[in-house]
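To start, the structure under review is shown below, and the notes come after it.
Every read-out reported here was derived from the displayed coordinates using simple, explicitly stated rules and does not represent laboratory data. Small disclaimer: the values here were computed from a predicted structure and weren't measured. Every residue, glycine among them, receives a Cβ derived from its backbone with ideal geometry; neighbour counts consider all protein chains shown.
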Amino acid sequence: MASVELRAFVCANLPDVPARVLEVGAGAGRLAGALRAAGYDVVAIDPESKSDDVRAVALVDLDEPAASFAAAVAIVSLHHVDPLEESCRRLAEVVEPGGTLVIDEFDAGAFDLGAAAWWLEQRAATGDPQAQTAEELVADHREHLHPLERIVAALEPHFEVGPPVRGAWLHNWKLGDSLRAVEEDAIARGSLRAVGARLVGRRRS
């Protein structure tokens, strides 16, 4: 994902160009490409990427000197990273003291039955009903993904992490931006939990 709104959030929290930036879990490299176009020196990594612009390497195995980056960006990626604690330690090693960490996350711990049921309802409404039940979706997510609480705990020894700003995220998951306002309205009315979270941290000296 590299929406205009997401790029604005990331760029608003990065140091000035031409800072060297690490993107963790870059996927196809769309955000990295946008940051490069803005003037940043970006190293993008993702162990499963097939893009020539993204290094196919896991964070824990990244071969870069200490304090190589002025900032790091992790967009909906840290909940997948394993081993989590060792990877966060490696992330801290390659970010310079005082450097910025920008995070946009899906919080598996906040993904409850109500959120799962809402997502399934939207999928069915678009003509693509899913075989899994809400209970199965929640169980699967909590078994395989790190909740935000654990991610923050793994980062805290190395980064001063600000409080999460909660918001809509489910529309990003195979639904489309046209449902963002619907999700935000449901959150505002209290009928749906906000499963998205944005955080900004600073590398401890």
Quotient of Cα radius of gyration and Kirkwood radius for the range 166-205, i.e. Rg/Rh, equals 1.17
In whole percent, the Cα-Cα distances of the range 20-107 spread across 5 Å bins from 0 upward as 3, 16, 27, 29, 19, 5, 1
For the range 62-205, the charge dipole (Cβ of Lys, Arg +1; Cβ of Asp, Glu -1; about the Cα centre) points to a positive end, and the Cα of H146, W119, A71 closest to that extreme belongs to A71
The range 70-205: relative contact order from alpha carbon pairs under 8 Å, six or more residues apart, as a whole percent, is 36
Taking Cα atoms, the helix 180-189 axis meets the longest principal axis of the chain at an angle in degrees (rounded to 10) of 70
Between (1) 30, 18, 16; (2) 35, 17, 14; (3) 22, 22, 16, the structure-derived semi-axes √(5λ) of the Cα gyration tensor in Å is (1)
Note on the range 1-157: contact order normalised by length, alpha-carbon pairs under 8 Å, 6 or more apart, percent, works out to 20
Site D52, offset 7 angstrom along Cα→Cβ, radius 20 Å on amide nitrogen, limited to the range 10-27, gives 26-27
Percent antiparallel among DSSP beta bridges confined to the chain, rounded to 5, stands at 45
Toy charge model, Lys and Arg Cβ at +1, Asp and Glu Cβ at -1: the range 1-125 dipole around Cα centroid in debye, rounded to 20, equals 340
If one compares the long axis through the Cα atoms of helix 113-125 with the longest principal axis of the Cα atoms of the chain, the angle in degrees, nearest 10, works out at 70
The ratio Rg/Rh over the Cα atoms of the range 119-205, Rh being the Kirkwood inverse mean 1/r radius, stands at 1.05
Among the range 62-96, those whose backbone N falls under 17 Å of a label point 7 Å along Cα→Cβ from R204 are 67, 85-96
For the range 126-140, Karplus-derived ³J(HN,Hα) couplings (6.51, -1.76, 1.60; θ = phi - 60°; whole Hz; x for glycine and proline) come out as 8, x, 10, x, 9, 6, 6, 8, 4, 4, 5, 4, 4, 4, 5
